[in-house]
Structure formats: C-alpha cells, structure tokens
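Working notes for the structure below.
Please treat every number below as a calculation from the coordinates, not as lab data. Because the structure is a prediction, the values reported are computed rather than measured. Here the Cβ is made from the backbone with ideal geometry for all residues, glycine too, and neighbour counts use every protein chain on show.
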Amino acid sequence: MNKATGIATPFVDLASPHMELEDELVSAFRQALRESSFIGGAAVEDFESRFAAFCGTRFSAGVANGTDALRLALVASGVKPGDTVVTVANTFVATVEAISQAGALAAFVDIDEATYNMDPGELNRYLETGCDNRGGRPVDKRTGSPVTAVVPVHLYGQPALMDAISEIAARHGLRVIEDACQAHGAEYLSGKEGGWVKAGSMGAAAAFSFYPGKNLGACGDAGAVTTNDPEIAEHVKMARDHGQSRKYIHEVEGCNSRLDAIQAMVLGIKLKRLSDWNEMRREAASVYNGLLDGSDKLTTPAEHPDARHVYHLYVVRVRGREVVQKRLSDAGVATGLHYPVPLHLQRACSRFGYSKGDLPITELVADEILSLPMYPGLRPTDQERIAGVILGQETSGIADRLP
Ligand SMILES: Cc1ncc(COP(=O)(O)O)c(C=O)c1O
C-alpha cells in the first residue's frame with residue numbers, strides 16, 4: 001500500500017514529492033501571501049531564467065499551460081492562419097488543439113514502431129509525395145495549404161530524432177517547434193549541435209507543460225516556451241499578457257496566459273530536484289526492463305542510442321491488453337493508455353480529413369500500448385509484483401530476474 005495515496009500501486013504519486021518539499025513550498029506560499037506577489041515579478045523571472053539555463057536555451061517564457069505554450073510558440077515562430085503544420089497522431093490531443101487554435105491545419109505523419117515518435121522517413125515522404133513544390137515551398141496536395149512548420153513530440157519522455165527531422169525541415173523551409181510537454185530534462189545526442197543537448201533546445205521554439213503529473217509539475221496548471229530567438233521570446237511574453245509591450249500599449253493580439261507567481265515559486269523549488277527525479281525514473285525503467293525483457297508476451301520501451309529517455313511514462317506493448325489491464329486492476333495496480341484512439345481518428349479532428357488505414361503503425365500500436373505505474377520512488381518490490389501479474393507468475397521467481 002502506498003502511504004501517500006492509499007492505493008496498492010498508484011499510476012503516479014503526486015503526494016510524496018510535495019511531502020518531501022513541504023516546508024519549502026509552504027514558506028514560499030507564505031512569502032507570496034505576505035508580499036501579495038501573485039502575477040509576474042521576480043518569482044516568474046527567476047524561474048524563467050533558471051528553466052532556460054536548465055534547458056540550455058537563452059530564453060524561457062512562463063505561460064498558463066502547455067497547450068498555450070505550444071500555440072504561442074507556433075504563432076511567435078511565424079505560423080499563420082491557413083498554414084499547415086505537420087505532426088503525429090500518437091500524442092495528447094493538446095498538440096493538435098494548439099495547431100488548430102493558431103489557425104493552422106494539422107497534417108499527420110506516421111511514427112517509428114520502436115520509439116513511437118515521428119518517423120523522419122514518413123515526414124520526408126509526406127513532403128516529397130503529399131505536397132507540391134511551389135517555389136521551393138511545400139503545399140499540401142489535398143488542401144492547397146502551405147506547409148510551414150513541423151511539431152515533433154518527444155513522447156513519453158524520449159526525444160524524437162531531431163537531427164533528421166531538422167535537416168528535412170530545413171530542406172523544405174519549415175520551422176521546427178518541439179512539443180516537449182512530456183520531456184523535461186530528456187537529452188538527445190545531436191551531431192548538428194555537437195553533443196548531448198536537452199529537449200526543448202533544438203527547435204525554433206519548444207513548449208513545456210507543468211501539469212502536476214509531469215516530470216516537473218506545478219501545484220496546478222502551468223507551462224513555458226523555451227527558445228534561443230529573442231524575437232520569439234519577446235512575442236510570447238507580449239502575447240501571454242494581452243499583447244502588451246507596456247501597460248495598455250498592445251503590440252500584438254494577445255490573450256491571458258500568464259504564469260502565476262506562486263506556481264513559478266513551486267516550479268523553482270521542484271526544478272532543483274528534477275535531475276534526481278529523472279534519474280530515479282530511469283532506474284525504475286531499468287528495473288522494469290530487467291523483469292520484463294525477454295518475455296514473448298510484451299515489448300518493453302526501446303531507448304534510441306541517441307536519446308536519453310526520462311520516462312514520463314513507461315509504456316509497454318502487449319497483445320490482449322484488456323485482459324492484462326484487468327488483471328493488474330484486480331491486483332490493485334493502476335495503469336493508463338497513452339493514447340487509445342489516435343488523433344486522426346478522433347471526431348474532434350475529422351476536419352483534417354484522415355481515416356482508418358492512413359497511419360498504419362500509429363493505429364497498430366494504439367491497440368497494444370499499456371502504461372505501467374511510473375514515478376520517482378516507485379519501489380522495486382512493487383515492480384516485481386506488477387511484473388508477476390503481467391507475466392502470470394504472480395511473485396514467484398521474479399526476484400531472481402532483478403538487475
Ligand atoms: C504531448 C503533450 N502536448 C501538450 C500538452 C498540453 O499541456 P497542458 O495540459 O499543460 O495544456 C500535454 C499535456 O498533457 C502533452 O502531454
């Protein structure tokens with residue numbers, strides 16, 4: 001039984017990290033109350049500069065959530081109403097909401113079966129065969145809309161193959177905006193950048209979500225845009241605050257998507273622990289791999305040699321998923337599906353004109369993926385029990401297979 005949650009094995013444990021940091025968090029909240037510092041100010045600026053330093057970018061701009069971060073990053077990067085933005089359908093719906101709310105159309109390309117991330121070959125194929133080349137610029141053959149940007153999603157905490165994606169994008173004049181909402185602190189070995197670099201530092205801009213369950217989560221909703229481009233940073237900082245450059249002077253059409261000062265303080269406190277927590281997730285993943293690798297019943301996650309996965313989610317592929325999920329649920333183990341219905345088959349995305357069969361790998365894996373409990377502090381004994389239930393061995397003999 002998990003003491004913090006009261007569930008045998010929860011899917012995530014949001015309570016323990018806050019208990020660990022309770023004194024610091026409460027005193028930050030007390031300070032905010034006493035100073036009445038709720039919007040903007042030093043707490044937000046301090047977190048922004050520390051988060052940019054963590055990601056290895058020149059700038060970061062705090063916003064209200066990850067969906068807004070992606071929308072504002074797209075608009076600030078030059079995506080215009082009527083453009084097409086290429087992405088994947090195996091992602092949270094917010095990726096496409098952000099594209100659509102920036103006024104653009106979404107085009108989907110299939111994923112790589114090993115990593116579940118955008119397949120660069122499929123991106124290339126779409127641009128070469130699904131588009132007409134007009135003056136060196138791709139125009140979607142079906143819609144006649146100019147393709148101006150690509151959004152690779154670093155899904156589950158593993159960076160997409162950014163060198164290949166960036167090279168293809170550059171060849172076709174597209175901007176790359178990373179959806180790093182699940183990948184705080186993940187790294188990618190980039191030949192282009194000459195070494196390991198952080199997710200969120202490779203595109204024109206990137207979006208992060210600090211939804212509470214993320215590797216870096218607020219105590220509520222929050223998000224950020226990271227970028228090396230001063231104009232993009234400036235545009236996002238204006239747009240998030242009603243387009244103001246200074247009080248009542250509105251340079252661009254904006255919205256209210258400010259990051260609360262209290263959330264910025266919470267994030268600043270938790271940021272100090274992020275690298276350790278990511279390491280704990282990686283250790284938990286390697287315990288799972290030791291227990292489950294080699295079974296013909298399932299496939300464990302593949303970490304690409306050029307990627308340092310931070311296991312926001314630990315996702316296996318298993319045939320007969322419903323049966324396995326029910327067995328785990330009966331044993332008090334909470335699981336998730338990320339994501340059971342690919343976006344191109346969702347009614348909300350029907351206007352983009354896709355149907356079943358268009359993205360065969362995405363559709364295949366959607367029926368088999370199963371997310372197991374994953375959080376820093378997940379105990380090997382719990383993982384042993386989970387593996388026993390999955391493999392139908394309950395607990396016997398599993399301990400011997402621990403790495
Ligand atoms: C891949 C991805 N993109 C975008 C988002 C949107 O973030 P938020 O929920 O903070 O708006 C999420 C959050 O779950 C996500 O996982």
Worksheet entry | log10 of Debye I(q)/I(0), alpha-carbon scatterers only, for segment 186-267 at 0.17, 0.19, 0.25, 0.26 Å⁻¹ | -0.81, -0.94, -1.16, -1.18
Fill in: Mean separation of Cα contacts under 8 Å, 6 or more apart, over the residue count of the chain: relative contact order %
20 percent
Worksheet item: When the helix-only estimate is applied to the chain (DSSP H runs of n ≥ 4, each -39,500 (n - 2.57), divided by the residue count), what is the mean residue ellipticity at 222 nm, nearest 500 deg cm²/dmol?
Response: -11000 deg cm²/dmol
Item to complete: Place +1 on the Cβ of every Lys and Arg and -1 on the Cβ of every Asp and Glu in the chain, take the dipole about the Cα centre, and give the residue among ALA73, THR226, THR57 whose Cα lies farthest towards its positive end.
Response: ALA73
Discussion item. I need to check one value: relative contact order of segment 274-401, counting alpha carbon pairs closer than 8 Å and at least 6 residues apart, in percent.
Written reply: 34 percent
Response to the item:
For segment 143-291, shape from the Cα gyration tensor axes a ≥ b ≥ c, cut at a/c of 1.5 then a/b versus b/c, turns out oblate
Discussion item. Taking the Cα centroid of segment 120-162 and of segment 363-387, what is the distance between the two, rounded to the nearest whole Å?
Written reply: 32 Å
Worksheet item: Within straight cross-link reach of LYS214, meaning Cα distance under 24 Å, which lysines are found once same-chain residues fewer than 8 apart are removed?
Response: LYS3, LYS198, LYS237, LYS270, LYS272
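Give me the Å³ per residue figure for the convex hull around the C-alpha atoms of segment 1-94.
Hull volume normalised by residue count: 176 Å³.
Run through the DSSP bridge list for the chain and note the antiparallel percent, rounded to the nearest 5. List each step's numbers first, then the result.
Values: 33 of 47 bridges.
Of all bridge pairs located within the chain, approximately 70 percent are antiparallel.
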Fill in: Three-way shape call for the chain based on the alpha-carbon gyration tensor, with the a/c threshold at 1.5
oblate
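For segment 302-403, what does the alpha-carbon gyration tensor say about shape, rounded, prolate or oblate, given a ≥ b ≥ c as the root eigenvalues, a/c under 1.5 as rounded, and a/b over b/c as prolate? Each step should come with its number before you reach the end.
Numbers: a/c = 2.51, a/b = 1.82, b/c = 1.38.
The shape class here is prolate.
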Worksheet item: How many angstrom separate the Cα center of segment 313-353 from the Cα center of segment 174-212?
Response: 25 Å
